[in-house]
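Below you'll find the structure, written out as structure tokens, and then a few comments.
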Amino acid sequence: MPIHTLEITNVRNLQRAKLQCSLQSNLIIGPNGSGKTSLLESITILSQGKSFRNSQKKSIISEGNNNLTIAALLDDEFCNQSIQGIRVGISKFANGKTLAKIASEKVQRISEITSLLPVCVIEPNSTEIVEGSPALRRQVLDWGVFHVEHDFVKHWRVFSSALKQRNALLKNKNCDVNQLRYWNEVLAPAAEQIAQLRRLYFSDFEGELKSSLRYFFNDDSVSVKVLDGWDSSMSFLECLNRNIEKDKRYGFTSDGPHKADFEIRSNGYLAKDYLSRGQKKLAVYAIRLAQVAHYQKKCSKRVSLLLDDLPSELDKGNCEKVCKELQRLECQVFITSIDTSNLNNMIIDTLSPKLFHVKHGTVTA
């Protein structure tokens, strides 16, 4: 559901801000350090319970305060017009506690808000999806699986719990092999389900992905492949039993869906070694926008897309390509840009966004 109104209190230098958002495009302009990224960060915290900037809670909360609060009125496009929408909110406290609400009722899991407010973030460090560890690419893959394959979370929780137990045993060099085999039996079915759901999602999503990569690169040079995280010629139970001695030696479970990868290649080479910095950013846009397109088609719901510093590392032609794709997708989008960018006029001409200006933590329309 897109955001109709957004209220932010005590997030970094945003002491208090209230925005009446466009359900289509929003452009947030301001100098570096003004609070533009903190605004996008607030939307991410509301949706996912955490920041994309990987900061400690205390540094996110404005100095001199003990908590932050973010609330939004979501626009339910399919409800009766007499209903105003759904209000969601989250508060985070310096002591580590989190309070989340939907329609004034406490919720136990942030994922309940995530399902109502799916958010996709692309920011300057998103090139790490191409350059960085498999864990970052798994997060991208699992964003789509979570939102489209609803049994995924259930199987992931079973797997994660059993994995912790198995790894705890493996830390003891003299651990009981029979106990390991017991946890292998618990782990294996959940792992197989996770891998199957990832493959099912990717198979369904692959058409949009290939079209998006072709649109941004003008050819089929960039490809993506899902790797399960173990030798798929055998079952995961066989893999676990085969690896018992190796895992005892290492002290952890060496193979499994927690080691899966979303492998990105260009002309057959790993993209991290082959593409330029700007091309890596373009690959990220191609993948994430394809995910948004697939989600919106599959679920008949709109994503809130957050683009931090859109013009960064993109030339005018590619920036315009991104904007035209945003126009086609019809998702809600929040774009930040420095006030001196010579691409702002192009963004405005293409998307006709609602404009917000941020200066010293104050947001004005």
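State whether the residues of region 266-284 include one that is touching an Asp or Glu at 6+ places or on another chain (Cβ under 8 Å) and closer than 20 Å to Gly207 by Cα. Lay out the reasoning, then the answer.
First pass over region 266-284, keeping only residues touching an Asp or Glu at 6+ places or on another chain (Cβ under 8 Å): 270, 272, 277-278, 280-281.
Going one step further and asking which of them are closer than 20 Å to Gly207 by Cα, we end up with none.
For region 266-284, residues touching an Asp or Glu at 6+ places or on another chain (Cβ under 8 Å) and closer than 20 Å to Gly207 by Cα: absent.
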Tabulated pairs, region 146-165, first assigned by TED's automatic domain parsing to the domain that holds Glu112, second assigned to a helix (DSSP H, G or I) and crowded, with 20+ Cβ neighbours inside 10 Å, C-beta under 6 angstrom, 6+ apart or interchain: none
Meets criteria (in the same structural domain as Gln15 (by TED's automatic domain parsing), modelled with pLDDT under 95 and within 24 Å of Gln24 (Cα to Cα)) for Phe93: no
Unmet requirement for Glu105, which otherwise passes all of (1) out of contact with any Asp or Glu (no Cβ under 7 Å at 6 or more places or on another chain); (2) among the acidic types (Asp, Glu); (3) buried (at least 20 other Cβ atoms within 10 Å of the Cβ): (3)
Residue count for region 227-255, restricted to those that are of a type in the set (Gly, Ala, Ser) and either assigned to a helix (DSSP H, G or I) or not assigned by TED's automatic domain parsing to the domain that holds Glu192 (or both): 0
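With region 282-365 as the region, which strands (runs of 3 or more DSSP E) entirely inside it contain at least 1 residues that are aromatic (Phe, Trp, Tyr)? If you could, list the steps in order and put the result at the bottom.
Values: elements: 304-307, 332-337, 354-359, 362-364.
Passing ranges, in order: 332-337, 354-359.
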Set Arg277, Arg302: member being among the basic types (Lys, Arg) and either within 19 Å of Val140 (Cβ to Cβ) or over 21 Å from the mean Cα position of the chain (by Cα) (or both): Arg277
Region 256-279, residues that are touching a Leu at 6+ places or on another chain (Cβ under 8 Å), assigned to a helix (DSSP H, G or I) and hydrophobic (A, V, I, L, M, F, W, C): none
In region 244-265, residue farthest from Pro124 (Cα to Cα) [restricted to those that are free of Cβ contacts under 8 Å to residues at least 40 places away in the same chain and out of contact with any Asp or Glu (no Cβ under 6 Å at 6 or more places or on another chain)]: Glu245
Hits in region 348-362 - residues which are surrounded by 19 or more Cβ atoms within 10 Å (Cβ to Cβ) and in contact with a Lys or Arg (Cβ under 7 Å, 6 or more places away or on another chain): Val358
Residue identified as buried (at least 17 other Cβ atoms within 10 Å of the Cβ), on the phi < 0 side of the Ramachandran plot and under 14 Å from the mean Cα position of the chain (by Cα) among Arg198, Arg137, Arg166: Arg137
Residue ID - farthest from Leu310 (Cα to Cα), chosen from residues in region 109-130 that are assigned to a strand (DSSP E or B) and out of contact with any Cys (no Cβ under 9 Å at 6 or more places or on another chain): Val119
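The values are calculated or read from the model by the stated rules, or taken from the named source; none is laboratory data. This structure is a prediction, so every number in the text was calculated from the model and none was measured. Methodologically, a virtual Cβ is constructed for each residue, glycine included, from the backbone with ideal geometry; neighbour enumeration extends over all protein chains shown.
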